[in-house]
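For reference, the structure discussed in these notes is given below.
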Amino acid sequence: MNLRRAVITAAGQQRQEHPLQRLVDRDGVVRPALEIIVDEALAAGADEIAVVVRPGDESAFRAAIGGRPSRVEVIPQDEPKGYGDALLRACGFVGDEPFLHFVGDHLYVSDVDARCAEQLVEVARREQCSVSAVQPTRESMLPYFGAVGGRRVAHSTRLYEIETVLEKPTPTKAEQELVVPGLRAGHYLCFFGMHVFTPALFDLLAADGEEGRRHLSSALGRLARQERYVALQVQGTRYDLGSPYGQLTAQLALALSGRDRADVLSQLVELLARQPHSS
């Protein structure tokens, strides 16, 4: 499976500003979140990057990408027709090859030497199918993520055959349709914010027609019924910049995984020591 291209979606009406937020990366360099995401794609082997944005944001996003990709396209989503429609706008850029996909408001920190996207691409090449990265997530966070249900692949501890995809399900709905044997009670496999998709996804998104909003989760549910589609529990953690205190948590995670870890820990201890004691 050849994975040369990556698509980043950043056109959401409420979250388009998050990829442009500046954070200190693991090497102590201040950079836009988008550039950190692009590095994740480049490390996984992609060297052509497309970013889908709201009209009028093209120049800001082009500047935030940085100069390393061999090819960059910034694609406007002319109308706010949903996540699926934003991804469909990149169909011409991708062509008929599989591609990496990242949401523009997540950052990732790996627990192992291989970056999160590298882990995902390795599995996609081995399994020769679409793969979504997932993370066991407590049910209180379900309003922020799409989630999948399925069964564990035989002789694997982190790979699942996807049978059901739901977008931001209620806890009741998740308990009825998304329970995965082996997960802790009250936890579900929620999307990690990165995927490898085959071009078959574009046909499913286009089949939704021109009217209304195109929903990626419903297309992914159909993808699971049409061809093999698996989920990988990545060895790492995703940080949603749009969740409450998301940017703060992401910054702390980057700092604690980088070269200045000891310094940051020392400052955190000092900060906690200054807090007034509760009576």
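Taken together, the values in this text are just the output of simple stated rules run on the coordinates, not laboratory data. It should be emphasised that the depicted structure is a prediction, and the values quoted were computed from it without experimental measurement. Glycine gets a Cβ as well: all are built from the backbone with ideal geometry, and neighbour counts include every protein chain shown.
Here residue 51 clears all of (1) under 29 Å from residue 124 (Cα atoms); (2) surrounded by fewer than 15 Cβ atoms within 10 Å (Cβ to Cβ) except the condition numbered (2).
For beta carbons closer than 8 Å, sequence separation of 6+ or different chains, a first residue in segment 170-188 that is hydrophobic (A, V, I, L, M, F, W, C) and a second that is assigned to a helix (DSSP H, G or I), the qualifying pairs are 174/139; 174/142.
When we screen 28, 12, 56, 66 for residues that are touching a helix residue (DSSP H, G or I) at 6+ places or on another chain (Cβ under 6 Å), surrounded by fewer than 22 Cβ atoms within 10 Å (Cβ to Cβ) and either free of Cβ contacts under 8 Å to residues at least 12 places away in the same chain or more than 24 Å from residue 124 (Cα to Cα) (or both), the only hit is 66. Annotation note: of 154, 219, 200, the sole residue that is closer than 23 Å to residue 82 by Cα and out of contact with any Gly (no Cβ under 8 Å at 6 or more places or on another chain) is 200.
Residue-wise test of (1) touching a Pro at 6+ places or on another chain (Cβ under 8 Å); (2) of a type in the set (Val, Ile, Thr).
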| residue | (1), (2) |
| --- | --- |
| 141 | no, no |
| 145 | no, no |
| 168 | yes, no |
| 180 | no, yes |
| 195 | no, no |
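Just name the residue that is surrounded by the fewest Cβ atoms within 10 Å (Cβ to Cβ) out of those in segment 146-160 that are in contact with a strand residue (DSSP E or B) (Cβ under 9 Å, 6 or more places away or on another chain) and more than 17 Å from residue 224 (Cβ to Cβ).
Out of the qualifying residues, it is 157.
When the residues of segment 161-202 are narrowed to those that are in contact with a strand residue (DSSP E or B) (Cβ under 7 Å, 6 or more places away or on another chain) and hydroxyl-bearing (Ser, Thr, Tyr), which ends up surrounded by the most Cβ atoms within 10 Å (Cβ to Cβ)? The extreme case among them is 188.
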